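Any read-out appearing in this document is the output of simple, stated calculations on the displayed coordinates, not a laboratory observation. Please read all numbers here as calculations on a predicted model, not as lab measurements. Virtual Cβ from ideal backbone geometry, glycine too; neighbours counted across all protein chains shown.
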Amino acid sequence: MLGEGIIKGMLETAKNFAGSFVSADRLTTVEYPEQRIPTAENARVFPFLVYDGAGWEAGLRCVACQICEKECPPKCIYIEKSKDKKPDFVGKMQIYPVRFDIDISVCMSCQICVEVCPFEAIKMDTQFELATDDRFGGLLMDRQQLAKSNEYYHSIHPAEAAEVDARLAQEKTAAEAKAKAAAEAAAAKAAADAAKAAAAKPETPAAGGN
């Protein structure tokens, strides 16, 4: 029937309008900012950097591989890699970013940086109230401003963060098992080499012999 879709839409609007006088469920207008709609878990706005542990500087997962900088379509990520290494939150020596800036006035929230990161170091935030009267420096976020804890990541994307943690734990277990196996193999080889060398060593003649 011609115009059936328009009629259905108008009926739905009329139903919500009339129902709003008797049912709170029909109230579709939110008195922002006093009232706020809960943010959906899969919402995304701008990227942030994840850190583990108590300190953001030592706990940053980012190792300045610069993949996100290269893959960013609007080229709004700026990274400078350290020339030295320092211990991360578990004591492992790592290269780190001495500079990691994102210009959110240019960022298109495409999430490509998240998808290409091999270290689960960059994720999408849900915070959107970032308006400022400084259109240049105020919208250029440095690494300290971008750094947010893994606990915060769990609070905004719980299902995704739990899956990431499980995968990282699995990878860590596999790496530890591989390292242990390599150490055991090296120890066994060293023991075998020592036994072989001892067997090949000629016996020393007894003192006073002819």
Practice prompt. Give, as a single signed number, the net charge of other residues whose beta carbon lies under 15 Å from the beta carbon of Tyr152, with Lys and Arg counted +1 and Asp and Glu -1.
Written response: -3
Worksheet item: In Å, the Kirkwood hydrodynamic radius of segment 126-207 over pairs of distinct alpha carbons?
Response: 19.0 Å
Item to complete: Quick one: compute the contact order of segment 52-210, relative version, from alpha carbon pairs under 8 angstrom and 6+ residues apart, as a percent.
Response: 19 percent
Worksheet item: Using 7 Å Cα-to-Cβ label points, what is the Val98/Tyr78 separation (nm, one decimal)?
Response: 1.5 nm
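Between the DSSP loop rule and a limit of at most 13 other Cβ atoms within 10 Å, which trypsin sites (Lys or Arg not before Pro) in segment 114-196 are left?
Listed in order of number, the matching sites are Arg135.
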Fill in: DSSP loop GluC sites (Glu not before Pro) with at most 13 other Cβ within 10 Å excluded, longest remaining stretch of the chain
42-128
Fill in: At R0 = 30 Å, FRET efficiency that the Cβ-Cβ distance of Gln144 and Glu71 yields, to 0.05
0.80
Worksheet item: Taking Lys75 as the anchor, which aspartates and glutamates have their alpha carbon closer than 13 Å to its alpha carbon, excluding any fewer than eight residues away along the same chain?
Response: Asp101, Asp103
Discussion item. Restricting to DSSP loop positions (anything but H, G, I, E, B) with no more than 12 other Cβ atoms inside 10 Å of their own Cβ, which chymotrypsin sites (Phe, Trp or Tyr not before Pro) remain in segment 5-81?
Written reply: Phe21
Fill in: Net dipole in debye of the chain [+1 Lys, Arg Cβ; -1 Asp, Glu Cβ; about Cα centre; nearest 20]
840 debye
Worksheet, complete the sentence: A student asked for the Cα radius of gyration and Dmax of segment 47-156 in angstrom ought to give 13.5, 41
Worksheet item: So how long is each side of the chain along the principal axes, counting just the alpha-carbon atoms, biggest first, in Å?
Response: 121, 43, 36
Response to the item:
Of the listed pairs Lys86/Lys178; Lys81/Lys148; Lys85/Lys196; Lys83/Lys123; Lys8/Lys123; Lys70/Lys92, those with alpha carbons more than 31 Å apart are Lys85/Lys196; Lys8/Lys123
Worksheet item: In the chain, with Lys and Arg counted as +1 and Asp and Glu as -1 at Cβ, which of these residues, Gly19, Ala179, Leu146, has the Cα nearest the positive end of the dipole, that is, farthest along it?
Response: Ala179
Practice prompt. Compute the separation of the alpha-carbon centres of segment 119-143 and segment 44-70 and state it in Å as a whole number.
Written response: 13 Å
Worksheet item: Considering only DSSP beta bridges whose two residues both sit in the chain, what percent are antiparallel, to the nearest 5?
Response: 80 percent
Response to the item:
By the Cα gyration tensor axes a ≥ b ≥ c (a/c under 1.5 gives rounded; else a/b larger than b/c gives prolate, otherwise oblate), the shape of segment 32-92 is oblate
